[in-house]
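Trainee: Okay, handing you the structure first.
The values are calculated or read from the model by the stated rules, or taken from the named source; none is laboratory data. Here the structure is a predicted model, which is why all the values come from computation and not from measurement. In this analysis, Cβ positions are derived from the backbone assuming ideal geometry, glycine residues included, and neighbour counts consider all displayed protein chains. For accessibility, only protein heavy atoms count, side chains too; no ligands or nucleic acids. Shrake-Rupley method; radii C 1.70, N 1.55, O 1.52, S 1.80 Å.
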Amino acid sequence: MSSVALICALGFRYRVWCVRAPATGRRNAPRPTPACPAFQPALRSEGFGYGRRRERCQQPVHGEWGPWGPYSVCSRTCGGGTRSTTRDCNKPEPRNGGRFCVGRRMKFRSCNTDPCPRGRRDFREEQCAQFDGKHFNINGLPPSVRWVPKYSGILMKDRCKLFCRAAGTMAYYQLRDRVVDGTPCGPDTYDICVQGLCRQAGCDHVLNSKARNDKCGVCGGDNSSCKTLAGTFNNAQYGEILWTALLSTSRAFCKVCSYNVVVRIPAGATNIDIKQVSYSGLPEDDNYLALSDSQSNFLLNGNFVVSMFKREITFKGVEIEYSGSNTTVERINCTQRIEEELVVLCVGNLYNPDVRYSFSIPIEEQREQFVWDPSGPWQECSRICQGERRRKAMCVRKSDHLVVSEQRCENLPRPRGTTEPCNTDCELRWHVAGRSDCSSKCGPGYRTLDVLCMRYSQNKRLSERVEGRACADLPKPQTREGCHGDCLLKSWQYSAWSQCSKSCGHGVRTRQAYCMNNLGRRLVERECNEQQRVLSEPCNDVPCPDWSASEWSECLVTCGKGVRHRQVLCILGDEKLNEQRCDPNAKPSAVGSCELPECASWQVGAWSPCTVSCGQGYQMRAVRCVSGAYGETVHDRECNAAARPRDSQDCELSACPRTASVFNTPRPAEPRHRDTQWRYGSWTSCSVSCGEGRRERYVSCRDAQGGVADESSCAHLPRPPDSSMCFSPCGQWREGEWTPCSVSCGVGRSTRRVVCMNYHHQVDESFCHPDERPSTEQECAAAPCKSSYHWPNNQPYVPYDPGNHPGHHSWNVPSADNQWRTGPWGACSSTCEGGFQRRVVVCQDADGRSTNHCDERVKPDESKSCDSGPCPHWNYGIWGECTRSCGGGQRTRLVVCQRPNGQRLNEHNCDMLDKPADVEQCNGQPCPGAASWHRRPWKPVYIVNSPEQRSVGRCSWESFG
């Protein structure tokens, strides 16, 4: 037994390691993957300690296909339709992570492949005709619109969609997502559409068949039943001079011209190919091909109207392609068999045409060589049950009874063929599978019946559901019947909902249900079983708050071991929450250790002997700054100057004899001016986490040996500052949309609103960095203004001054030639109620020049109010329970931004409003007999190049009573 099987055999597991089966030549390391990888564990919580779960392994069940169902009704009655059948993956269904069935769920086969009778409409044309008289409220379409198929200009991938063209117009539309199964993909192919996809079919109308017409037009033929005729035509007869004005899509010619017969192509011909080669090598040679039927009715380029572009002509159900006249080789070709005589004509210039043609015609054979054989193969049953099948009549050669193409017998009367009953072991019936509840609980009402078409097998005594159209010939029962309610209403009554199992992250709440009638009497539960009861529902589907950590700061020391910091916040979406809302056990560390290259240190030598043999003297030693494992000497500034050891000290020996003349060696005098300089450490962190604060650093005066000197010794040098301002932005700038330009011409100004935002709340601008504030105003350029005007005779225009005219005392005098002109309304200043719009209103004369002679009483408004609907507002629910019963807890509530109609919006839509609190303190009274730690503010403690903070705590005892 494998390790996985052994584990699953035990039934339960806590934590296991999965390993691969041993392989030759190498050892498989265990991987921390849950056991039973091929199984779907069913998890359930057990009471075995915090966080411990037991999981039961269930054996996977792989799905297997059930039997194929009966085939559906054929999609066509002739011309090659399809029938389909399906099967389900339910013997058994996949469970517990088992594999789903592999293979086809649906399969198709061809049916009714006999050709449709001649003269019958195209199958796609029939589908378009079903929409005749339906204009779909499309502009320009009459109520009597007639729809015809649209073939050309349709993408290959859309050939199985039903595109129809309004007859007499070029407008076409998609009327269905897909055509009926069995519809040819196009007029030039035998492939058919199945389930909206183009599938291969042969000329025998059978799916996946490779049968093709030979050059004689015989399906599956060997080209032996026809012969090819070819010839040329280069002699034309010219008649009278005709002037012709043609359509824009045709070519006009004025020549000595008339129509000349090139060749008459008999009925039954196939593979028709006619070419007219330009004598000049240019498209414009004024020689053109034309077509007519045997009755001299033009099919192409008749009445001296020539089509310049490619087109298709339908002749008795056959598609003929024409290249258009705007080409050096004008061509007409057709691969299908024509059923009537086709006349090829040419018309054009004085130059002789160069026409070349070829086509295939059947070889003349005696009629009696081919006969219909009525004893062909049986065709499919016409119905699923109690149907009839018919033998297919086959065209055979009389001499050897060889089956040939049906076209050989098309002129012989076709026998009907023998028939016999089929599928007689079953019958079709309508079956009432179920009834709905009565629409009235008290008094008369109605209910609906689920009526299904069922196939009953008399031998197997089985029944199965089939398509409804299989029972179309049977009278269908009514799907609705009357009923009468008993006036005794029964329903589920519920208790109050329990508390949600989770405060966030998709919890569940439950309730109890009781079956009660309208008299208040409790009933057994089965009395209400027909009604659905809801015993649980999801709750608190908002995501849970989680910890978010920023990037680590730089190490707080320049060498050796130190610490680094990062900001750890409790967030929900983009909103910062109180830390108590997140799991304290999962909080990432905000302080981490860091290690840089080893610090340089002071190294001292041995003290020298005292400079005197008696009395007081001094002694010295070497002090140097070293770094690295090998003690490499570096510059003194690499070491901490404040910790530099002394390099001299006093020494005292025994007193010298008084009688002896002792000359003490004096200590070298200190130089008057030492080589001093300012030294400074790194800046401390800013005193505030955001906004404007202060930072500090250690500054001292040092001598050449790195010792601390009096600051007066460095007075000749500028002292570096030991404190400075610092700014950390608390928010970020957000800008609105630019207003319309302030002028209608020339250069104006455009403004926008800029606010400082912090977690979707507007804060004071001092919380954002002032140097990064976006601009609130910019220049804008409209159309150039007219600067000067000139009248005839190059006289400058002088505005009329009504003040100089007798009887006028004001400049603003209305005139019929002057009128107010308005510009377009600008954007609304508010996205909801209470906004306004502005526009430019100017006074202009008849020539469009600005003037002041308009009537102020009829001046249009320059502004108006605009209302884009009610503004959203904050809405909030009731407070939840407090997290603690004493000693200070928290309680929360849901606060959302929504419209007055209750539609919930994103919170930034309510940014301009103060958001109500969603967290508040509660139960702040101290707990009886509770001891707790109280934390005092941080005090700065400076270590070499490493500012740290230390907190002093004290333990206090509180008692009541």
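Trainee: Tell me whether the stretch 837-844 contains one or more residues that are at pLDDT 75 or above and within 36 Å of the chain's Cα centre (by Cα).
Mentor: Yes, the stretch 837-844 contains a residue that is at pLDDT 75 or above and within 36 Å of the chain's Cα centre (by Cα).
Trainee: Out of (1) more than 26 Å from residue 755 (Cα to Cα); (2) in contact with a strand residue (DSSP E or B) (Cβ under 7 Å, 6 or more places away or on another chain), what's the single condition that is false for residue 907?
Mentor: Looking at each condition in turn, residue 907 falls short on (1).
Trainee: Looking only at the stretch 398-447, how many residues end up being among the basic types (Lys, Arg) and over 30 Å from residue 527 (Cα atoms)?
Mentor: So the answer is 5.
Trainee: Name the residue, out of 813, 743, that is assigned to a loop (DSSP other than H, G, I, E, B), modelled with pLDDT under 70 and buried (at least 16 other Cβ atoms within 10 Å of the Cβ).
Mentor: Just one listed residue meets the conditions, 813.
Trainee: Looking only at the stretch 821-878, how many residues end up being over 20 Å from residue 741 (Cβ atoms), assigned to a loop (DSSP other than H, G, I, E, B) and not small (Gly, Ala, Ser)?
Mentor: Count: 17.
Trainee: Of all residues in the stretch 689-732, which are of a type in the set (Asp, Glu) and open to solvent by 80 Å² or more (accessible area, probe 1.4 Å)?
Mentor: Of everything in the stretch 689-732, those that are of a type in the set (Asp, Glu) and open to solvent by 80 Å² or more (accessible area, probe 1.4 Å) turn out to be 692, 696, 710, 711.
Trainee: Another one. Please count how many residues of the stretch 426-473 are assigned to a strand (DSSP E or B) and open to solvent by less than 90 Å² (accessible area, probe 1.4 Å).
Mentor: 24
Trainee: Report whether or not residue 132 is outside any strand (DSSP E or B), touching a residue at least 40 places away in the same chain (Cβ under 8 Å) and among the acidic types (Asp, Glu).
Mentor: no
Trainee: Whether any residue in the stretch 177-196 is over 30 Å from residue 85 (Cβ atoms), among the basic types (Lys, Arg) and open to solvent by 60 Å² or more (accessible area, probe 1.4 Å) is what I want to check.
Mentor: Within the stretch 177-196, none of the residues are over 30 Å from residue 85 (Cβ atoms), among the basic types (Lys, Arg) and open to solvent by 60 Å² or more (accessible area, probe 1.4 Å).
Trainee: Exactly one of these conditions fails for residue 626: (1) outside any loop (DSSP other than H, G, I, E, B); (2) at pLDDT 80 or above; (3) open to solvent by 60 Å² or more (accessible area, probe 1.4 Å). Give me its number.
Mentor: (3)
Trainee: Hey, could you check the stretch 581-623 for residues that are open to solvent by 40 Å² or more (accessible area, probe 1.4 Å) and hydroxyl-bearing (Ser, Thr, Tyr) and say which is farthest from residue 545 (Cα to Cα)?
Mentor: The qualifying residue farthest from residue 545 (Cα to Cα) is 613.
Trainee: Is it true that residue 498 is open to solvent by less than 60 Å² (accessible area, probe 1.4 Å), part of a loop (DSSP other than H, G, I, E, B), more than 30 Å from residue 880 (Cα to Cα) and of a type in the set (Gly, Ala, Ser)?
Mentor: It is false that residue 498 is open to solvent by less than 60 Å² (accessible area, probe 1.4 Å), part of a loop (DSSP other than H, G, I, E, B), more than 30 Å from residue 880 (Cα to Cα) and of a type in the set (Gly, Ala, Ser).
Trainee: In contact with a Phe, Trp or Tyr (Cβ under 9 Å, 6 or more places away or on another chain) and within 23 Å of residue 321 (Cβ to Cβ) - does that describe any residue in the stretch 167-178?
Mentor: Yes, some residue in the stretch 167-178 is in contact with a Phe, Trp or Tyr (Cβ under 9 Å, 6 or more places away or on another chain) and within 23 Å of residue 321 (Cβ to Cβ).
Trainee: Mind checking which residues of the stretch 593-607 are within 14 Å of residue 626 (Cβ to Cβ) and not in a strand (DSSP E or B)?
Mentor: Answer for the stretch 593-607, where residues must be within 14 Å of residue 626 (Cβ to Cβ) and not in a strand (DSSP E or B): 597, 598, 599, 600, 605.
Trainee: Tally time: how many residues in the stretch 746-761 are assigned to a strand (DSSP E or B), at pLDDT below 80 and surrounded by 15 or more Cβ atoms within 10 Å (Cβ to Cβ)?
Mentor: Of the residues in that region, 2 qualify.
Trainee: Kindly state which strands (runs of 3 or more DSSP E) lie completely within the stretch 167-227 and contain at least 2 residues that are free of Cβ contacts under 8 Å to residues at least 24 places away in the same chain and either touching a helix residue (DSSP H, G or I) at 6+ places or on another chain (Cβ under 6 Å) or over 21 Å from residue 379 (Cβ atoms) (or both).
Mentor: 172-176
Trainee: Cβ contacts < 6 Å: first residue closer than 24 Å to residue 633 by Cβ and touching a residue at least 60 places away in the same chain (Cβ under 8 Å), restricted to the stretch 586-602; second residue assigned to a strand (DSSP E or B) and open to solvent by 60 Å² or more (accessible area, probe 1.4 Å), any location; separation 6+ or different chain. Result?
Mentor: Listed by first residue and then by second, the contacts come to nothing, as the list is empty.
Trainee: Residue 726: under 58 Å from the mean Cα position of the chain (by Cα), under 27 Å from residue 556 (Cβ atoms) and assigned to a loop (DSSP other than H, G, I, E, B), yes or no?
Mentor: Spelling it out, it is not the case that residue 726 is under 58 Å from the mean Cα position of the chain (by Cα), under 27 Å from residue 556 (Cβ atoms) and assigned to a loop (DSSP other than H, G, I, E, B).
Trainee: Hey, among 885, 865, which residue is loosely packed, with under 15 Cβ neighbours inside 10 Å and under 25 Å from residue 502 (Cα atoms)?
Mentor: One residue alone meets the criteria, 885.
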